[in-house]
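Everything below concerns the one structure shown next.
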Amino acid sequence: MSGFDFLKQGAMLAPMAGVTDMPFRVLCHEMGCPMATSEMLSAKGYLLSRNRATAELLAVSPEEEGAVVLQIFGHEAEFMARAAEELTRTGRYAFLDINMGCPVPKIVGNGEGSALMRDPVYASEIVRAVVRASHVPVTVKMRLGFEAGSEAYLLLGQLVEESGAAMITLHARTRSQFYEGHADWSAIGKLKARVNIPVVGNGDITCAQDALRMVEQTGCDGVAVGRAAQGNPWIFEQIRDAFAGRSVREPEPEEKLRVLMRHARALAELKGEEIAVKEMRRHVVCYVKGMRDAARLRTQVNQVIALEQLESLMTSFFLR
């Protein structure tokens, strides 16, 4: 477990497109997340067209260096290896993760993401090529398999370990489930028993008690939180405290407002105010989930075009 002590310190932040950019990761780190994963980056896209969007995807704050996992995706071993070698030279990233779990049709249609689980032998060859090229340990994020009932993860888990992967994160759903139904936590325990590298469980962790239960039920080395962290970076503080046997606290409205606006300003600094305000619309929905008048606020926030307007609207909502 050397090098993986962070797994006992709290939950990892799982990668989410459009969510786990640098501003959001920084908030999660401050709330107790010991290791956060970037949005996924196309290895081939990085090599062929480096633009502002690519730079934003790769942005790492000085205070989070060494606590970020860079996730890449692709289906061609050559491009994956070349990108891995270049991207891990800088020392900004603690690990390089290979995406074998994304269920989005556009990604799957290119033979990438969870499509790689259809051919475990070929997928493991990609891992081997990336491991040889990378300057940091290589990890893999996968699902149970492509179709309902699949147990491809067991064979693939063994093969990627043999190919040099240092850790596996298992989202305990199949590709055909997308994000529906229940995650099969028993599969996490089966994979843990099958391989000798750390296994991180992912799926249906919505609160600190879920994280504790997953570790107890599966014996996994750590947990990763995805959708439950959207608009709720406090979940990392709560899981950290639960792991340490401390009581768990809920944030007050004033704190939610302060963190939401810090998130918005950091996004504006990275991407410009116009883009930041548009992107914050979907984040706001998560920050106010379950609160009174949240539905009405969603309509109002879609009309906002400036940070000043956003702050005024959020202040009146949280401090009413």
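The values are calculated or read from the model by the stated rules, or taken from the named source; none is laboratory data. Owing to the predicted nature of the structure, the values given are computational and were not obtained by experimental measurement. No Cβ is skipped: glycine too gets one built from the backbone with ideal geometry, and neighbour counts run over all protein chains shown.
The figures follow:
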| read-out | value |
| --- | --- |
| Candidate set from segment 1-10 (those that are of a type outside the set (A, V, I, L, M), in contact (Cβ under 8 Å) with a residue 12 or more places away in the chain and surrounded by fewer than 24 Cβ atoms within 10 Å (Cβ to Cβ)); member that is nearest to V195 (Cα to Cα) | F4 |
| Near pairs, Cβ below 7 angstrom, 6+ apart or cross-chain, from segment 288-301 (farther than 19 Å from E255 by Cα) to any residue that is among the hydrophobic types (A, V, I, L, M, F, W, C) | R298/V285; Q300/L313; V301/V284; V301/L313 |
| Selected residue (criterion: nearest to D119 (Cα to Cα)) from residues of segment 32-57 that are among the aliphatic types (A, V, I, L, M) and touching a Lys or Arg at 6+ places or on another chain (Cβ under 8 Å) | A43 |
| Exclusive hit being surrounded by 22 or more Cβ atoms within 10 Å (Cβ to Cβ), at pLDDT 95 or above and over 18 Å from V131 (Cα atoms), set L27, L13 | L13 |
| Boolean, S134 is more than 23 Å from Y153 (Cα to Cα), in contact (Cβ under 8 Å) with a residue 40 or more places away in the chain and touching a strand residue (DSSP E or B) at 6+ places or on another chain (Cβ under 8 Å) | yes |
| Selection count where residues are among the charged types (D, E, K, R) and without any contact (Cβ under 8 Å) to a residue 12 or more places away in the chain, scope segment 270-287 | 1 |
| Count of residues meeting criterion [buried (at least 24 other Cβ atoms within 10 Å of the Cβ) and either among the aliphatic types (A, V, I, L, M) or modelled with pLDDT under 95 (or both)] in segment 209-236 | 7 |
| Qualifying residue in segment 78-99 (condition: under 19 Å from S150 (Cβ atoms) and not β-branched (V, I, T)) | yes |
